[in-house]
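Okay, so here's the structure we're looking at.
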Amino acid sequence: MLKNIIFFFKFFIGFMKLLYKIILFFLGSIPLFRCGSGYEKKDGKIMYNGKEITDKSMVILNDEFAKDSSAAYYKEHSFQYADVETFEAVDDHYAKDKNKVYYCDEYREGQNYYMTKRHTIKELKNALPASFVTVKYGFGKDKGQVYFQGDAFKVKDIPSFVSIDNHFAKDDYQAYLNLHPIIGSNGKTFQIIDNNFAKDIGNIYYYGYTGEGENNICILPCEKESFQILDYRYSKDKSKVFFLGFTIKEADPASFTILSEGYSKDNSSIFFQHTKVLSADIATFSVFKENESFGHDFVYAMDKKNVFMDDKIVMGADPHTFKVLGENYGSDSQHVFYKTKIVKEANPSSFNVFGHDVGDADSEDKNNKYHEGIKVVSE
């Protein structure tokens, strides 16, 4: 799972660079979408998203819920089967009457985000309305069960159960991440200490998104008393340095310095993520600034003798003339490289990489076209 975090970290950096460019492009041509204000009372009138409701029996319960003499409403959607007289809002998503508890939500379909709204009104199975309360962030509970977004899940202790945020929750016995128990955790003392770090009385934890719709969390093998967070990826104690949830072997905490693009160093070594970069010269090592312009799967650095792609040497590359191109290409005065391999027959002076949103790795020179570093043969 930790390998998945590293994969997503690299994907995320590239994606954010691409997203930034897309946002800059669209800001000039697409107006900002304005969200509605929900139910409100204004100048003695009952309004929903700025439009007046003339039904005098309408009662506002909160921004999202209301009811009139015949129906209850979540936003503009009614559900006739609710007991209107006892219907009440619990929070912006949960509501209840004397018979049932409801979870309501509105979402947009990913393939048609700005055009299509969908909504759900879910009845909670076996919920006890009399004891049901919100625990925030999509969580709710009654005397017999805990719920997340309307679905029940098991916890050790319902009375002490509280939410921390959209992902974390805890009771007096253990903490939970995305509804799964965090093995070895102490619920009473568990707390978030940073965007990617947490702690309890016994452990320090690193957690991150795996890119599979899940989060992963692991215990860092650190000394709590000397532990320090360096940034959202790096941390250290008096004897070890960590990248995400991995120990950077041989790294010296006292002299450790973060560079950029996943590179770091201490007094004797260069590291890429959690791996030592063999043969790197510390005194002349630098990271190519051009990495920031491209959504590479890999990043590039150099010293006086070599060019590096991540922790690997790009064999045959001249660091004095090497430049980073798009879509995992680079070139020096003599060769073109795709990742660490020389692109056969490619002409560096006329070589051009096509820009693609997804990264098809298409390119050409004055003589040929290439895909992922391989010459494309015309049919």
Close pairs from the stretch 118-135: first on the phi > 0 side of the Ramachandran plot, partner of a type in the set (Gly, Ala, Ser), Cβ under 8 Å, at least 6 apart: ASN126/GLY144; ASN126/ALA152
Answer residue from the stretch 125-170, given it is of a type in the set (Asp, Glu) and more than 17 Å from ILE217 (Cβ to Cβ) and is farthest from the chain's Cα centre (by Cα) among those: ASP142
Checking SER378 against (1) at pLDDT 90 or above; (2) in contact with a strand residue (DSSP E or B) (Cβ under 9 Å, 6 or more places away or on another chain); (3) outside any strand (DSSP E or B); (4) not charged (D, E, K, R), the condition it does not meet: (1)
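If we scan the stretch 218-238, do we find a residue that is basic (Lys, Arg) and part of a loop (DSSP other than H, G, I, E, B)? Talk me through it step by step, then tell me what you get.
Within the stretch 218-238, the subset basic (Lys, Arg) is 224, 233, 236, 238.
In the following step, the residues that additionally are part of a loop (DSSP other than H, G, I, E, B) were identified as 233, 238.
Yes: the stretch 218-238 contains one or more residues that are basic (Lys, Arg) and part of a loop (DSSP other than H, G, I, E, B).
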Test: residue in the stretch 331-349 that is in a helix (DSSP H, G or I), over 20 Å from SER269 (Cα atoms) and touching a His at 6+ places or on another chain (Cβ under 7 Å): yes
Extreme residue, nearest to GLU52 (Cα to Cα), among residues of the stretch 69-89 that are among the small types (Gly, Ala, Ser) and touching a residue at least 24 places away in the same chain (Cβ under 8 Å): ALA72
Answer residue from the stretch 137-160, given it is part of a loop (DSSP other than H, G, I, E, B) and basic (Lys, Arg) and is surrounded by the most Cβ atoms within 10 Å (Cβ to Cβ) among those: LYS156
Positions within the stretch 63-109 being under 31 Å from the mean Cα position of the chain (by Cα), in a loop (DSSP other than H, G, I, E, B) and surrounded by 13 or more Cβ atoms within 10 Å (Cβ to Cβ), in sequence order: ASP63, GLU64, LYS75, VAL90, ASP91, ASP92, HIS93
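For the stretch 341-366, which residues satisfy the criterion of being among the polar types (S, T, N, Q) and modelled with pLDDT of 95 or more?
At the first step, the residues of the stretch 341-366 found to be among the polar types (S, T, N, Q) are 347, 349-350, 352, 363.
Matches in the stretch 341-366: ASN347, SER349, SER350.
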First in the stretch 275-302 and among the aliphatic types (A, V, I, L, M), second anywhere and assigned to a helix (DSSP H, G or I), Cβ under 7 Å, 6 or more apart: VAL299/ASN291
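For the condition touching a residue at least 12 places away in the same chain (Cβ under 8 Å) and more than 30 Å from PHE271 (Cβ to Cβ), what is the one hit in GLU327, GLU364?
Unique residue meeting the criteria: GLU364.
Which residues, taken from the stretch 251-270, are part of a strand (DSSP E or B), aliphatic (A, V, I, L, M) and surrounded by fewer than 18 Cβ atoms within 10 Å (Cβ to Cβ)? Steps first, answer last, please.
Within the stretch 251-270, the first condition is being part of a strand (DSSP E or B), and the residues that meet it are 257-258, 263-265, 270.
Keeping just the survivors that are aliphatic (A, V, I, L, M) gives 258, 270.
Answer for the stretch 251-270, where residues must be part of a strand (DSSP E or B), aliphatic (A, V, I, L, M) and surrounded by fewer than 18 Cβ atoms within 10 Å (Cβ to Cβ): just ILE258.
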Number of positions in the stretch 48-58 that are under 20 Å from ASP105 (Cα atoms) and surrounded by fewer than 19 Cβ atoms within 10 Å (Cβ to Cβ): 1
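Specify which of the listed residues (VAL162, VAL133) is outside the structural domain of TYR232 (by TED's automatic domain parsing) and within 23 Å of ALA95 (Cα to Cα). So that I can check it myself, show each step before the final result.
On the way: VAL162 fails: outside the structural domain of TYR232 (by TED's automatic domain parsing).
From the options VAL162, VAL133, the qualifying one is VAL133.
Quick check on LYS289: is it at pLDDT 95 or above and either touching a helix residue (DSSP H, G or I) at 6+ places or on another chain (Cβ under 6 Å) or charged (D, E, K, R) (or both)?
Details: at pLDDT 95 or above: no; either touching a helix residue (DSSP H, G or I) at 6+ places or on another chain (Cβ under 6 Å) or charged (D, E, K, R) (or both): yes.
For LYS289, the condition - at pLDDT 95 or above and either touching a helix residue (DSSP H, G or I) at 6+ places or on another chain (Cβ under 6 Å) or charged (D, E, K, R) (or both) - is not met.
The values are calculated or read from the model by the stated rules, or taken from the named source; none is laboratory data. Every value quoted in this text rests on a predicted model; they were computed, and no experiment measured them. Here Cβ is always computed from backbone atoms with ideal geometry, including for glycine, and neighbour counts include all displayed protein chains.
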